[in-house]
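Read the structure below first, then the notes.
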Amino acid sequence: MGCVGCFPSRTEENCANVMTIPGIGPMISTAMVAAVGKGEAFDRGRDFAAWVGLVPTQYSTGGRTILGRITKRGSRYLRMLFVPAAKVIMMRQNRWSAFSFGPWLTEAVKRMPRNKAAVALANKLARTAWSVLRHGTRFDAPRDMAKETI
């Protein structure tokens, strides 16, 4: 059970990069890499989040856009992984300041119900994961390098 070769998420560079995002572990990273590879099928993170089913439906009339509930189309399995990951992050409010999206999350929780904020965070995690996967970088890499130079 302790062999490193048994966990492709630790040896696969793409999985390891995705796992640097808070709340995303080996299960989400391997499922995501298995489903989308390097994410080349999507032009941007919003397209990936829409494919997972984490974007709201839009009703537009008279130049006014109304956002509804999430679409729930696309990859049910990935959506089933991202939403609980977001809820786990939301349970640890004292750690939000350590994340680059901490101030955004603090404001989101103030202005919307917790479950809606959790889905919004899941959407943000999915977009971030796509970006990390597509560009082959680690999460907050520029932020980490800035800390090292200080």
- Message: Assuming a strict under-21 Å limit between Cα atoms, what lysine pair count do you get for the chain once near-sequence pairs (fewer than 8 apart, same chain) are dropped?
- Response: 9
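Residue separation times 0.36 nm, minus the C-alpha to C-alpha distance between Thr57 and Ser97: what's the value?
Answer, rounded to one decimal: 11.3 nm.
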- Please give the helix 76-91 orientation as an angle from the longest Cα principal axis of the chain, in degrees from 0 to 90, rounded to the nearest 10. 90
- Query: Tell me, in nm to one decimal, what length is gained between Ala35 and Leu67 on full extension, where the rule is 0.36 nm per residue of separation less the Cα-Cα distance?
  - Reply: 8.8 nm
- Farthest towards the positive end of the dipole of the chain, among Met80, Gly37, Pro56 and with Cβ unit charges of +1 on Lys and Arg and -1 on Asp and Glu, lies the Cα of Pro56
- Query: At what distance in nm do the modelled label points of Tyr77 and Glu13 sit from each other, each positioned 7 Å from its Cα along Cα→Cβ?
  - Reply: 2.5
- Under 5 Å, built H, 5+ apart or other chain: amide partners of Thr71: Val55, Thr57
- Task: Please turn the phi angles of region 15-23 into ³J(HN,Hα) values with the Karplus equation 6.51 cos²θ - 1.76 cosθ + 1.60 (θ = phi - 60°), one per residue in order, whole Hz, x for glycine and proline.
- Result: 5, 5, 5, 5, 6, 6, 7, x, x
- Query: HN-Hα J couplings of region 32-47 from phi, Karplus 6.51/-1.76/1.60, θ = phi - 60°, integer Hz, Gly and Pro as x?
  - Reply: 5, 5, 5, 7, 10, x, 9, x, 6, 6, 10, 6, 8, x, 5, 5
- Task: Provide the per-residue ³J(HN,Hα) series for region 100-110, in order, calculated from phi with Karplus coefficients 6.51, -1.76, 1.60 and θ = phi - 60°, each as a whole number of Hz, with x at glycine and proline positions.
- Result: 5, 9, x, x, 4, 5, 4, 5, 5, 5, 5
- Counting other C-beta atoms within 10 Å, which of Met90, Met32, Met80 has the fewest, and how do the rest follow? Met80, Met90, Met32
- Among Trp51, Trp104, Trp96, what is the fewest-to-most ranking by other Cβ atoms within 10 Å? Trp104, Trp96, Trp51
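None of the figures in this text is laboratory data; all of them are computed from the coordinates on show. These numbers were taken from a predicted model, which means no experiment stands behind them. Positions of Cβ are backbone-derived with ideal geometry, glycine not excepted, and every protein chain shown enters the neighbour counts.
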